[in-house]
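The values are calculated or read from the model by the stated rules, or taken from the named source; none is laboratory data. Owing to the predicted nature of the structure, the values given are computational and were not obtained by experimental measurement. Cβ: placed from backbone, ideal geometry, glycine included. Neighbour counts: every protein chain shown. The accessibility values were calculated without ligands, DNA or RNA, using every heavy atom of the protein model including side chains. Shrake-Rupley method; radii C 1.70, N 1.55, O 1.52, S 1.80 Å.
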Amino acid sequence: HGQLVESGGGLVQPGGSLRLSCAASGSIFSFAHMAWYRQAPGKQRELVAAITSGGRTHYADSVKGRFTISGDNAKNTVYLQMNSLKPEDTAVYYCNTVSVSLPWGQGTQVTVSS
């Protein structure tokens, strides 16, 4: 219960798009506030986007207007649609609750490069 599996990363050119998915092994999304985080080489992990159990969203200033977080409670999956990607978005992306109450998954690598 509570295992997180991220997927959907890859190599994309600047300006491109990716859609990340985070699947949980339990029905946590119906009551937990979920978030996407990222960690670039040599940097601390940072919160990118969050969504409450009621569907309200929050974004880091660096991704506002480009990224969209959404959830599907029936599928126990949280998504991160990333558009207009920049090289500085390169990182390993993880999901977790806003309170980081679950073990971290393996993450999914996003590389933005020409």
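One table, with the values for the structure above:
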| item | result |
| --- | --- |
| Charge dipole magnitude, Cβ of K and R +1, D and E -1 - the range 1-107, Cα centre, debye nearest 20 | 80 |
| Sequence of 36, 104 when ordered by accessible area, the most exposed leading, probe 1.4 angstrom | 104, 36 |
| Those aspartates and glutamates that a straight Cα-Cα span of less than 17 Å connects to residue 75, excepting residues fewer than 8 apart in one chain | 6 |
| For the chain, alpha-carbon Rg over 2.2 N^0.38 Å | 0.98 |
| Carbon/sulfur fraction of accessible area - the chain, other protein chains in place, 1.4 Å, % | 49 |
| Note, ³J(HN,Hα) from phi for the range 76-90, Karplus 6.51, -1.76, 1.60, rounded to Hz, x at Gly and Pro | 6, 10, 10, 10, 9, 8, 10, 10, 6, 5, 10, x, 6, 7, 4 |
| Heavy-atom surface of the range 23-114, accessible at 1.4 Å and reported per residue (Å²) | 51 |
| Cα gyration tensor shape of the range 7-62, rounded if a/c is under 1.5, else prolate or oblate by comparing a/b with b/c | prolate |
| The range 62-102, Cα convex hull volume normalised per residue, Å³ | 98 |
| For the chain, built as a Gaussian network whose Cα springs stay under 10 Å, the top-fluctuating residue of 40, 32, 74 | 74 |
| Under 26 Å from residue 43, Cα to Cα: lysines that are on another chain or at least 8 residues apart | 64, 86 |
| Theoretical gain in end-to-end length, residue 104 to residue 66 [0.36 nm per residue, Cα-Cα removed] | 11.2 nm |
